[in-house]
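Here the structure comes first, spelled out in structure tokens, and everything after it is commentary.
Please treat every number below as a calculation from the coordinates, not as lab data. Predicted model, so just to flag it, every value in this text is computed and none were measured.
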Amino acid sequence: MWLWLRENKSAWYALAGALILAVYGIVPTLQPANFGRVYAAYGGVFIVLSILWGWKVDKVLPDRFDLIGGMVALCGVSIIMYWPRR
């Protein structure tokens, strides 16, 4: 989608991007685990991966608040996924 929107690529890029995004949104709902927990944990991991992507690909050096926020997100993931339940 980005290539079509920002770099004037063919409409086929938009169609392929839309299809990929739709599948990307549907696949997690097919998981046998508790979807809400899995999706929340995924969100925390997504935050950290976004910071890493910005650093490595976009060359945007994360500041201390990015790093602190990423650590808080990973702590949240750990609590969601591994806290003992009855």
(request) With springs connecting C-alpha atoms under 10 Å apart, model the chain as a Gaussian network and identify which of Leu61, Leu15, Leu74 has the largest mean-square fluctuation. (result) Leu15
(request) Would you calculate a helix-derived [θ] at 222 nm for the chain, using -39,500 (n - 2.57) for each DSSP H run of n ≥ 4 and dividing by the full residue count, to the nearest 500? (result) -24000 deg cm²/dmol
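Expressed in nm to one decimal, what extension gain is obtained for the pair Ile20 and Val45 from 0.36 nm per residue of sequence separation less their Cα-Cα distance? Provide the component values of the computation, followed by the final result.
On the way: separation 25, 0.36 × 25 = 9.00 nm, distance 1.97 nm.
Between Ile20 and Val45, full extension yields an extra 7.0 nm.
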(request) Calculate, in nm to one decimal, what Met81 and Arg37 gain on full extension: separation in residues at 0.36 nm each, minus their alpha carbon distance. (result) 15.1 nm
(request) Given the options Ile51, Ile20, Ile68, state which has the largest fluctuation in a GNM of the chain using a 10 Å cut-off (strictly under) for Cα springs. (result) Ile20
